[in-house]
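Report on the following structure.
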Amino acid sequence: MNTSKISKGVITVLLLIGAVFMMLPMLYLISYSLRPNSDMYQYPPTLFVSLRDITIENYKYILSENINIFIYFKNSIFVGVISMILVALMASSLAYVLSRYTFKGKKFIFSLIIATMIIPGLGLIIPQYQIAVKLNIINNLFGLIPVYTAWMLPFSTFMIKGFVDNLPRELDEAAYVDGASTMCVYFRIIFPLMKPAIAAVSIFNFLTSWEEYGWAQTVISSEKLRTIPIYIAGFFGRNNFTQFGYVFAVSFLSLIPILVIFISFQKYFITGLTTGGLKG
């Protein structure tokens with residue numbers, strides 16, 4: 001047998017094993033979301049639920065009118081989409097300027113962007129909270145959007161800049177020769193070409209805002225303004241007992257918007273992610 005075929009076979013097997021291990025948490029989540037809460041603590045535990053034990057009672061409870069889960073979904077989608085759009089617009093324009101123009105302080109600004117990428121957002125929670133109080137955006141969904149945007153902007157700018165660096169400068173020069181303005185070159189030539197990079201970072205940005213818990217829990221106190229992570233956390237220790245069936249059910253439902261975003265942008269995802277990481 002050819003050595004290359006053996007190597008490909010070994011790689012395929014290893015990838016399949018890796019895929020199975022990666023899918024186990026998802027299978028566990030789905031399996032336990034379809035079980036009654038009384039089965040959560042059975043011993044010995046089983047990964048897959050038997051057909052006779054399958055129930056949708058957890059989903060019925062989560063989707064019942066008295067829970068109003070759709071309010072929390074609406075809040076999370078609103079914050080995630082607005083933050084994602086703002087970051088896409090700001091990061092793309094900043095990346096274009098850093099990639100195409102030379103000016104005093106450019107290296108310092110880019111170094112500052114890189115430096116802020118290593119600072120965890122919640123590490124600055126005290127000054128962020130003080131600013132939010134002064135701006136009167138506490139207990140308001142608009143108190144989440146600016147902070148999430150600030151957290152996601154450095155990484156998005158870095159990735160999009162790497163993508164723009166690989167676009168031929170002849171595109172800009174040809175447009176300028178034809179009399180196009182800077183804004184025209186950006187919006188009509190460069191911005192449409194940025195779509196793969198913007199789509200790639202937008203997936204990460206939406207996921208970041210969708211699953212963020214710490215800042216949302218700090219700023220939001222109103223029941224009607226809570227986001228999905230706060231809602232899920234509310235099931236832990238409720239009445240001194242955690243209803244894991246409900247937790248798993250709502251966790252699975254919370255994956256649906258993420259899958260929709262990923263499926264919508266998947267054709268751009270790999271291209272934007274790999275190309276954006278080639279140059280900084």
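Coordinate-derived values only; no laboratory data. Computed from a prediction, not measured in an experiment: that's the story for all the values here. Positions of Cβ are backbone-derived with ideal geometry, glycine not excepted, and every protein chain shown enters the neighbour counts.
Could you give the nm distance between label points at LYS134 and GLN243, where each point is 7 Å from its Cα heading toward the beta carbon? Output for this residue pair reads 4.3 nm.
Phi angles across the range 67-77 convert, under the Karplus curve 6.51 cos²θ - 1.76 cosθ + 1.60 with θ = phi - 60°, into 3J(HN,Hα) values of 8, 6, 4, 5, 5, 5, 5, 4, 4, 5, 5 Hz, Gly and Pro given as x. The chymotrypsin sites (Phe, Trp or Tyr not before Pro) of the range 86-127 that DSSP puts in a loop, and whose beta carbon has at most 14 other beta carbons within 10 Å, are TYR101, PHE103.
Label zone (SER222, point 7 Å along Cα-to-C-beta; backbone nitrogen cut-off 19 Å) within the range 114-145: 132-145. Working note: Karplus 6.51/-1.76/1.60 with θ = phi - 60° gives the range 208-221 the couplings 4, 6, 5, 9, 5, 10, x, 5, 4, 5, 6, 8, 8, 10 Hz, where Gly and Pro are set to x.
For a test of the definition: using alpha carbon positions, the gyration tensor, and the 1.5 limit on a/c, classify the chain as rounded, prolate or oblate. Since a/c reaches 1.5 but b/c is at least a/b, the shape of the chain is classed as oblate. Going from the residue with the fewest nearby Cβ atoms within 10 Å to the one with the most, THR227, THR149 rank THR149, THR227. What the Kirkwood sum gives for the range 65-167 is a hydrodynamic radius of 15.5 Å, with every pair of different alpha carbons counted. Taking a straight line from the alpha carbon of LYS60, these aspartates and glutamates sit under 18 Å away, with near neighbours fewer than eight places off in the same chain left out: ASP39. Helix-only arithmetic for the chain: the sum of -39500 (n - 2.57) across DSSP H runs with n ≥ 4, divided by the residue total, places the mean residue ellipticity at 222 nm at -21500 deg cm²/dmol.
Give me the extension gain from VAL10 to LEU122: residue separation times 0.36 nm, minus the current Cα-Cα distance, reported in nm with one decimal.
Result: 36.1 nm gained on full extension.
What residue among SER209, SER83, SER181 shows peak mean-square fluctuation when the chain is described by a Gaussian network model with Cα springs under 10 Å? Greatest mean-square fluctuation among the candidates belongs to SER181. What is the angle, in °, between the Cα long axis of helix 106-116 and the longest principal axis of the Cα atoms in the chain? Nearest 10 is fine, range 0 to 90. Approximately 10 degrees, to the nearest ten.
Each Cα pair under 8 Å and six or more residues apart adds its sequence gap; the mean of these over the residue count of the chain is a relative contact order of 30 percent.
Taking label points 7 Å from Cα along the Cα-to-Cβ direction, ALA180 and ALA115 give a separation of 3.6 nm. Remark: the ILE263-SER64 segment gains 68.8 nm on full extension, using 0.36 nm per residue and subtracting the alpha carbon distance.
Here the 3J(HN,Hα) profile of the range 130-136, calculated from phi with Karplus coefficients 6.51, -1.76 and 1.60 at θ = phi - 60°, is 4, 5, 4, 5, 5, 7, 6 Hz, Gly and Pro shown as x. When peptides 122-131, 250-259 are ranked by their average number of other Cβ atoms within 10 Å per residue, the highest-first order is 250-259, 122-131. Between the range 1-37 and the range 83-154, what is the separation of their alpha carbon centroids in Å? The range 1-37 and the range 83-154 have Cα centres spaced 38 Å from each other.
Ignoring the sites themselves, what is the longest stretch of the chain with no trypsin sites (Lys or Arg not before Pro) in a DSSP loop and at most 14 other beta-carbon atoms within 10 Å?
105-278
Magnitude of the charge dipole for the chain, about its Cα centre and with charges confined to Cβ atoms of Lys, Arg (+1) and Asp, Glu (-1), is about 420 debye.
Sorting ASP172, ASP53 from the fewest to the most surrounding beta carbons within 10 angstrom yields ASP53, ASP172.
Footprinting exposure proxy ranking of SER76, SER31, fewest other C-beta atoms within 10 angstrom first, gives SER31, SER76.
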